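One structure is given below, encoded as structure tokens.
The values are calculated or read from the model by the stated rules, or taken from the named source; none is laboratory data. Since this is a predicted model, take the numbers as computed values, not measurements. Every residue, glycine among them, receives a Cβ derived from its backbone with ideal geometry; neighbour counts consider all protein chains shown.
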């Protein structure tokens, strides 16, 4: 799925300060140039294989499948170096940064997995690195903050707004405006101004490509492909190679505690069209077009917007977008941990929860879920919850 003049239907675009347009043009030109070069592709594949640990397996989760009468397959992105799918994009954009001749990388992070991935890539390639993180996210994801610092990255805590992911993105964009000549903004999700959504989708498409190859080797495709959606990077990567097939695509957003304003991050369920952080998409906004407060028990999903590709797929009717509440995500977290010995990220738990809670719909079907990351980063959150009551 390629954009037309930076747009996916009506969604996308470049709604940024004039000072950033030359940098975005340079980025687009560089990306379009290297994506076709054998040297770049070969280098990227080598690092993904030798350093990150690709390909990741597709695992048939036998125990939970038997309990619920559903053939549940898990794409094991949690097995990658740094513990999540974020390393795919971090490595790809780090190599792109090297080709552009820039010496410094900045990034935002919510759950910390993108921050750790970027810090890891920066250490390996020798870039100066600064990561912006909301102070509330930093408090509940402290192990990842410590990892980033250990890797030699400067972590700048953001104490404005809700002190979460959207505020970290805003802070990173401001940094980029002032330092654009020598700095690349290594954005972590499929959001922001063009060409960022396309770039992130390109580097994450390896998830869907490997998944499709696995099922084709079995002689069939899954009936459903399901992934959690915050900004949407793991989901757009997972959907990528199935969009032109008959496979049903489902993105699962964070319903938080309710669908009332400020209590969820279910952008495609209750959001409206608007412009935010450089792109036109669906947003959680009030009647005055100001961003609503957001909430999710998962730090990686509490973002008030969504990538333009997902907005386009939703409006076209190609993908279905649903939501799951906090308590059901916790239930799924508990189920997978106890039944399969796999501790999932709370983000991924939302995708599994939707399948469990709608088991009659999926009975006897082959369901592929993107297990986007591992859950050890969420222990600080889990320790505050009595899972016995879930």
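Considering only residues in region 364-374 that are assigned to a strand (DSSP E or B) and over 16 Å from the mean Cα position of the chain (by Cα), the one that is nearest to residue 212 (Cα to Cα) turns out to be 368.
Among the residues that make up region 154-161, is at least one of them in the same structural domain as residue 108 (by TED's automatic domain parsing), assigned to a helix (DSSP H, G or I), touching a strand residue (DSSP E or B) at 6+ places or on another chain (Cβ under 7 Å) and surrounded by 17 or more Cβ atoms within 10 Å (Cβ to Cβ)? Don't jump to the end; show me each part of the working.
Restricting attention to region 154-161, the residues satisfying the condition of being in the same structural domain as residue 108 (by TED's automatic domain parsing) are 154-161.
Next cut, assigned to a helix (DSSP H, G or I) only: none.
Within region 154-161, not a single residue is in the same structural domain as residue 108 (by TED's automatic domain parsing), assigned to a helix (DSSP H, G or I), touching a strand residue (DSSP E or B) at 6+ places or on another chain (Cβ under 7 Å) and surrounded by 17 or more Cβ atoms within 10 Å (Cβ to Cβ).
Taken as a whole, the structure leaves residue 92 outside the set of residues that are at pLDDT 95 or above, in a helix (DSSP H, G or I) and under 22 Å from residue 265 (Cα atoms).
Touching a helix residue (DSSP H, G or I) at 6+ places or on another chain (Cβ under 7 Å) and either assigned to a strand (DSSP E or B) or modelled with pLDDT under 95 (or both): does that describe residue 377?
yes
For region 319-362, which fully contained helices (runs of 4 or more DSSP H) count at least 3 residues that are crowded, with 22+ Cβ neighbours inside 10 Å?
On the way: elements: 326-340, 346-357, 359-362.
Correct list: 326-340, 346-357.
Residues of region 174-197 that are surrounded by fewer than 23 Cβ atoms within 10 Å (Cβ to Cβ) and part of a helix (DSSP H, G or I): 174, 175, 176, 177, 178, 179.
Summed over region 121-135, the residues that are touching a residue at least 40 places away in the same chain (Cβ under 8 Å) and either touching a strand residue (DSSP E or B) at 6+ places or on another chain (Cβ under 6 Å) or on the phi > 0 side of the Ramachandran plot (or both) give a count of 2. Out of all the residues in region 1-42, which are farther than 26 Å from residue 179 by Cβ and in contact (Cβ under 8 Å) with a residue 40 or more places away in the chain? Passing the criteria: 1, 2, 3, 7, 8, 9, 10, 11.
When the residues of region 47-72 are filtered to those that are part of a loop (DSSP other than H, G, I, E, B) and in contact with a strand residue (DSSP E or B) (Cβ under 7 Å, 6 or more places away or on another chain), which remaining residue is nearest to residue 337 (Cα to Cα)?
First pass over region 47-72, keeping only residues part of a loop (DSSP other than H, G, I, E, B): 53-57, 61, 69-70.
Then keep just the ones that are in contact with a strand residue (DSSP E or B) (Cβ under 7 Å, 6 or more places away or on another chain); that gives 56-57, 61, 70.
Details: 56: 19, 57: 18, 61: 11, 70: 17 Å.
Result: 61.
The combined condition, being buried (at least 18 other Cβ atoms within 10 Å of the Cβ) and not assigned by TED's automatic domain parsing to the domain that holds residue 169, is fulfilled by residue 71. Please determine, by comparing only the residues of region 136-153 that are more than 18 Å from residue 378 (Cβ to Cβ) and touching a residue at least 24 places away in the same chain (Cβ under 8 Å), which one is surrounded by the fewest Cβ atoms within 10 Å (Cβ to Cβ). Checked region 136-153; the qualifying residue surrounded by the fewest Cβ atoms within 10 Å (Cβ to Cβ) is 152. Output the number of the condition that residue 171 fails; it satisfies all remaining conditions of (1) in contact with a helix residue (DSSP H, G or I) (Cβ under 9 Å, 6 or more places away or on another chain); (2) surrounded by fewer than 24 Cβ atoms within 10 Å (Cβ to Cβ). For residue 171, the exception is condition (1). When residues in region 99-116 are screened for being part of a helix (DSSP H, G or I), out of contact with any strand residue (DSSP E or B) (no Cβ under 7 Å at 6 or more places or on another chain) and within 13 Å of residue 188 (Cβ to Cβ), 1 of them pass.
Has region 36-46 got any residue that is closer than 16 Å to residue 204 by Cα, outside the structural domain of residue 307 (by TED's automatic domain parsing) and part of a loop (DSSP other than H, G, I, E, B)? For region 36-46, residues closer than 16 Å to residue 204 by Cα, outside the structural domain of residue 307 (by TED's automatic domain parsing) and part of a loop (DSSP other than H, G, I, E, B): absent. Among the numbered conditions (1) more than 24 Å from residue 8 (Cβ to Cβ); (2) buried (at least 17 other Cβ atoms within 10 Å of the Cβ), the only one that residue 213 does not meet is (2).
Could you identify the single residue in 254, 269, 299, 311 that is assigned to a strand (DSSP E or B) and either modelled with pLDDT of 95 or more or buried (at least 18 other Cβ atoms within 10 Å of the Cβ) (or both)? Walk me through it before giving the result.
On the way: 269 fails: assigned to a strand (DSSP E or B); 299 fails: assigned to a strand (DSSP E or B); 311 fails: assigned to a strand (DSSP E or B).
Just one listed residue meets the conditions, 254.
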